[in-house]
Amino acid sequence: TISPAQLISSMFSLSYESTGYTGSVKTPQVVTSLANGKDYTAVYASGRKYVGTYSVAITGKGNYRGTVTKSFKINPPATSIKSLKRGSKRFTATWTKKTSQVSGYQLMYSTSSKFSTYKTAKITSYKTTTKTIKSLKAKKKYYVKIRTYKGSYYSGWSAVKAVTTR
């Protein structure tokens, strides 16, 4: 048997569970077959503009009694790799700087295009836009991608670029 709370919870979802920061207020749509205002009301948390997790309280009316809370995340804006410069047993990555809602960057590199084994480098300042990775194998192809972070929130990974060391 399904409890009324489980029933009302299964009747609602949000149009997205995560999105990227754009500087504007985010309001995901409530997805349900019920009529807004007649069968339920939705109350959104305030300040849905910055990186973080926000809630939506959905309260059923009439035959649909109960309240369910759904949440969604706003992640930092993504960045992309501008260039990879090869060197002797090293490479230098350069990326596009992001200034709003970003603490730093996470760079991932691997000799596997599927990143089955990989290493990461954490760049703790949003102002930094280059990183040299040293002590690599000579004449080896490395695949590189990057993402931004703020606290425990991460953007999606950038497109993968490749570089071969000297």
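The values are calculated or read from the model by the stated rules, or taken from the named source; none is laboratory data. Computed from a prediction, not measured in an experiment: that's the story for all the values here. Cβ atoms come from the backbone with ideal geometry, glycine included; neighbour counts cover every protein chain shown. All accessible areas refer to the heavy atoms of the entire protein, side chains included, with ligands and DNA or RNA removed. Shrake-Rupley method; radii C 1.70, N 1.55, O 1.52, S 1.80 Å.
Scan the strands (runs of 3 or more DSSP E) fully inside region 94-147 and keep the ones with 1 or more residues being open to solvent by 30 Å² or more (accessible area, probe 1.4 Å) and more than 17 Å from ALA159 (Cα to Cα).
Hits in region 94-147: 119-123, 130-133.
Could you tell me which residue of region 148-166 is farthest from SER88 (Cα to Cα), considering only residues that are hydroxyl-bearing (Ser, Thr, Tyr) and assigned to a strand (DSSP E or B)?
Among them, the one singled out is TYR153.
Filter region 24-40 down to the residues that are out of contact with any Phe, Trp or Tyr (no Cβ under 9 Å at 6 or more places or on another chain) and modelled with pLDDT under 95 and list them by number.
Scanning region 24-40 gives SER33, ALA35, ASN36, GLY37, LYS38.
Is it the case, given these coordinates, that THR59 is modelled with pLDDT of 95 or more and not in a loop (DSSP other than H, G, I, E, B)?
no
Take the residues of region 33-81 that are surrounded by 17 or more Cβ atoms within 10 Å (Cβ to Cβ) and β-branched (Val, Ile, Thr): which is nearest to ALA159 (Cα to Cα)?
Result: ILE81.
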